[in-house]
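Working notes for the structure below.
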Amino acid sequence: MKKNLHYLLILFLTTFITKAQVTITPSSFNVNDQITITVSTATQTCNQIGTTPAKVYMHAGIGDDANAFGFGVVGNWGQDDNIGIMTNNGNGTWSITITPSTYFGLNSTQQANATKLGMVFRNANGSQTLKLPPSCGDFIFNVGTFQVNLSTPTNNSTTIINSGGSIAIAASNTGGTANYNLKANGLSINTNTTSNYTFNPSNITNNTNYELEVTLGGSTITRRFSVVVNPTVINETLPTGLENGINYSVSDNTKATLVLEAPGKDFVYVAGTFNNWNPDHNYAMKKDPATGKFWIELNGLTPGVDYSYQYWVVDQTPVANSPVLVRTADPCSTTVLSFYDDQWIPNTSYPNLPSFPTASGQEREVTMLKTGQTPYNWITTNFTKPNKDKLVIYELLIRDFDVNRNYQDVINRIQYFKDLGINAIQLMPIMEFEGNESWGYNTSFHMALDKFYGTPEKFKELVDICHQNGIAVILDIAFNHAFGRNPMVRMWMNDPDGDGWGSPSVDNPYFNTTARHSYSVGEDFNHTSTLTKNYVKQTIKHWITEYKIDGFRWDLTKGFTQNCTGGDDNCTNNYQQDRVDVLKEYADYSWSLDNDHYVIFEHLGSDNEEQQWANYRINEGKGIMMWGEMWAQYKELAMGYSTQNISRMSHTSRGFTGKRLIGYPESHDKDRIMYEAFTYGNGAGAFPTLNNLNNTLNRMASIGATSILVPGPKMIWHFAELGNNQSIYTCANGTINDEGSLFPGDCKLDTKQQVQWTENWLTDARRTSILSDYSKMIKLKTTEPVFMGDHFISPDGNNLRQRVYIYNNSFTTAQLRNVVVLANFSVANLSINPNFPTDAYTYPMTWYDLMDNTPVIINNPTEAIAINSGKFRIFGNQPASTLSNSDFEINNNEINLYPNPTKSTFAISSDATQVEIYTITGQMIQTFKDIVSNQEIDITNLGTGIYLVKITNAFGLSQTKKLIKD
């Protein structure tokens, strides 16, 4: 007995301490009430933050009885960003005052169903927490001044019945007698005053949404559930020529036919704005007896009106833990509305974005539908893609490229790309992804544009303008996986807690239940499934036909096998015939739609497997281009170390028959080379050689010379051409969590500050020097025929003395036949033996510095050439025929335009051999020759707007100015 009393005393004290540790005032509250949450740091049980922390953050969520965090969570774990920060009361307690409905951004449905509030507390960086003793779990509190238990049917459930059936309803409440009001599709059908409610609606013939409102003491709690009537599916042949998703009628813009592939499902309704989100039997989809596809023709639609819809997909006998009903957007949506994301999309990026239908009780994505749309008027209809061997690809993340983080930003910089000389832009994923602040690899809808970046029309304008300026557009696409909002995940999902989210169930025809490779992210597609293959091919077709996309970079192709298991790196990295075959099949399909389509794989695997793709159909001018990461090698050179060689920048080193290696020193996946060199370079610390930014940036052009000029396609990660030294691990608040930090890599995906513009890099001579060199190198690569020839890489003694030889022995010596690139990556000045070719030349002879065509007398082909630390030289046996001074070289004298703005004329403050006027989208519209200082230039024929004026002087140096015409 004494032992039991002792146990009860401990239990009492623990309960008392727990209640005292976190208090809410008032203790009983509704979701719309203002409350103050106070936590005491006095106790040591489950308290890692200590009794006197510098800061305390509340990481909190709200939900229902099944999941206290299910409706939303506020707090960015590990971030000292003031979101959820508490106020120090000065007595060992910390407080925060919130109104739950607004703090968590709840819609009306969530407000009505919120019953639990969950929270934990942490220090500023999330390394220490304060949790509920003695379990050290989450603190959970009731929401509502009283509680309601809907026992039959369960809250938010759906019951399937036959037409004319009934349903039993039972509920109870705490706090005494309450007023019950049962509504069916918004109309009251029964009321009662009780604490134990029962009612049995009968003869139900229509789909019905029920709301049970329980009122006590001025507060109301609502429980929702629904009944869906089995419509008895009509079997009817699907009209020919229709694809999955939306099919707009060519002859009648009041019609659209929806097609859904949902094997194993019993019936499907379509709910949308056209039936007030409550479909009757007229909106039950028919079923094609041959294919099993569901379909329905919608009639009476108003052209130009924005409609939205979801599918109600029903399986009356689902596998264990799977829902009977899933409400989901169309898997083949081209535009979706999202409750979670759309509220944060600025009107400047997506004007007049339709509102998400929260008032109708929708929570997850809905599909947009609009008949009678005006087709985009493409200006460029016959774009010729740049030769694969000459590709210089500019990898770009729209989110971090410019201040507005949208397509218009990229359009506005088209002159920048032209001057740089790149001939392809590769956009990191722009398909609808989860959230807005993302790299895009967490894709949920592969055929839909993510609205955060802009409208479909604006993206088409971007593609069109790129094509007008000779620039191909490549999309990064993630077909290895999808994330939980994806309809094909949700229609066949394992959802044991019933919250509407889950992982693929065992009967999912698209996804594996566990990843069949060791690089799993999201949910793993099964690429042996015919349904998956058809979905991938339809997606490819959509982007090529609708947006004129020139190529795809296929993310994480190692995941396309079905032969391995999670954690088995050896299997995943070795040759797998099934993924060789399926990826060739996808490439063949792309080429069947677009004969010159760029197919690029990010495989980063074994040479023998990559050879299968790189050499595939190479004799037809095809072949799949492979990503060739060379970050470690070039990083070491930039840091001044000689441990790595760059021989694998060459396609020949990997056994590729053709030039199908996209070699690159930098990409989005690894930290910036300039950051690594500045932070960890040779001499950093006691002997500050490379931790001086001038010295570090001095090396970036040499990185370009020894990578870009190697024959074959190459890639630049955006702003490498300006020597970007901003760590990829820079957090939103400006701190850096790189690989050497306490929490390495946890800010990798954070939105980056726009330092390239806010710090005016285009006026920084250190950076524009790199830009100028890159522009010249790219021009050499893309215009001089020798760079289509052969090459080899042969350092002089060690890797710090790099040498790259480019040649075409079929050319005569009167042509640019040989190019020799020398680079000194040492932290000291060195001399390098150039070992100039001798087979066709007699020495002494004149070689030319191809960066400015300066002639250089070479007496002996092995005579060492002095090159300063970090610098490079590029020699050719003939001058470059197309070389001109870079547009990026800045004249010491700043040129001014005046007046600016102007109504009719303007003048410039310096003589100019040529003045060109461009639209803001990069189209040249007017040219003037031999303009003298202060001469008036007439522009009365131009419309009002913003123009770019490019001024070139007698030395070939150029500046570009913005001019406003009133």
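Among L850, L830, what is the fewest-to-most ranking by other Cβ atoms within 10 Å? Write out the running numbers ahead of the final one.
Values: L850 24, L830 20.
Listed from fewest to most nearby Cβ atoms, that is L830, L850.
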Check: C-alpha center region 921-946 vs C-alpha center region 228-259, spacing in Å is 54 Å
Percent antiparallel among DSSP beta bridges confined to the chain, rounded to 5, stands at 80 percent
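Kindly give the semi-axes, whole Å and largest first, of the ellipsoid equivalent to region 897-965, taking each as the square root of 5 times a Cα gyration tensor eigenvalue.
For region 897-965, the ellipsoid semi-axes come out as 18, 14, 10 Å.
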The set of cysteines in the chain having no other cysteine's C-beta under 4.7 Å reads C332, C466
Among L948, A907, Q959, the residue whose Cα sits farthest towards the positive end of the charge dipole of region 897-965 (+1 at Cβ of Lys and Arg, -1 at Cβ of Asp and Glu, taken about the Cα centre) is L948
Residue by residue through region 183-198, the couplings from Karplus 6.51 cos²θ - 1.76 cosθ + 1.60 with θ = phi - 60°, in Hz, x for Gly and Pro, are 10, 10, 6, x, 10, 5, 10, 6, 10, 6, 10, 6, 10, 9, 9, 9
Among N868, Y848, I716, the residue whose Cα sits farthest towards the positive end of the charge dipole of the chain (+1 at Cβ of Lys and Arg, -1 at Cβ of Asp and Glu, taken about the Cα centre) is N868
The extension gain from Q343 to I234, computed as 0.36 nm times the residue separation minus the Cα-Cα distance, is 35.3 nm
The answer for I85, listing residues at least 5 apart or on another chain whose modeled amide H is closer than 5 Å to its amide H, is M58
Row for region 111-161, column shape: gyration tensor on C-alpha, a ≥ b ≥ c, rounded if a/c < 1.5 i.e. under 1.5, prolate if a/b over b/c, else oblate; value prolate
Given backbone amide H placed at 1.01 Å from N, residues whose amide H is under 5 Å from that of N423, ignoring those fewer than 5 places away on the same chain, are V392
Applying the gyration tensor rule to the Cα atoms of region 763-825 (axes a ≥ b ≥ c; rounded if a/c under 1.5, else prolate if a/b exceeds b/c, else oblate), the class is oblate
Between Y197 and residues 5 or more places away or on another chain, the pairs with built amide H atoms under 5 Å apart involve A171, S172
Quick shape check on region 127-267: root eigenvalues a ≥ b ≥ c of the Cα gyration tensor, a/c under 1.5 is rounded, otherwise prolate if a/b tops b/c, else oblate, and it reads oblate
P(r) over all Cα-Cα pairs of region 766-876, 5 Å bins from 0 to the longest distance, whole percent per bin, short to long, reads 2, 11, 21, 25, 22, 13, 4, 1
To the nearest 20 debye, the chain has a Cα-centred charge dipole, built from +1 on Lys and Arg Cβ and -1 on Asp and Glu Cβ, of 680 debye
Karplus-derived 3J(HN,Hα) from phi for region 559-570 (6.51 cos²θ - 1.76 cosθ + 1.60, θ = phi - 60°), whole Hz, x at Gly and Pro, runs x, 8, 8, 10, 9, 10, 9, x, x, 8, 5, 4
Over all pairs of different Cα atoms in region 148-230, the reciprocal of the mean inverse distance gives a Kirkwood radius in Å of 12.8 Å
Neighbour-count ranking for C136, C747 (other C-beta within 10 angstrom, fewest to most) reads C136, C747
For the chain, whose charge dipole is built from +1 on Lys and Arg Cβ atoms and -1 on Asp and Glu Cβ atoms, the candidate among P879, T302, Y441 with its Cα farthest towards the positive end is Y441
Exposure proxy check on E936, E721, E759: fewest-to-most Cβ neighbours within 10 Å is E936, E759, E721
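Values in this text are rule-based calculations from the coordinates and carry no lab data. Computed from a predicted structure; not experimentally measured. We place every Cβ from the backbone using ideal geometry, glycine too, and count neighbours over all the protein chains shown.
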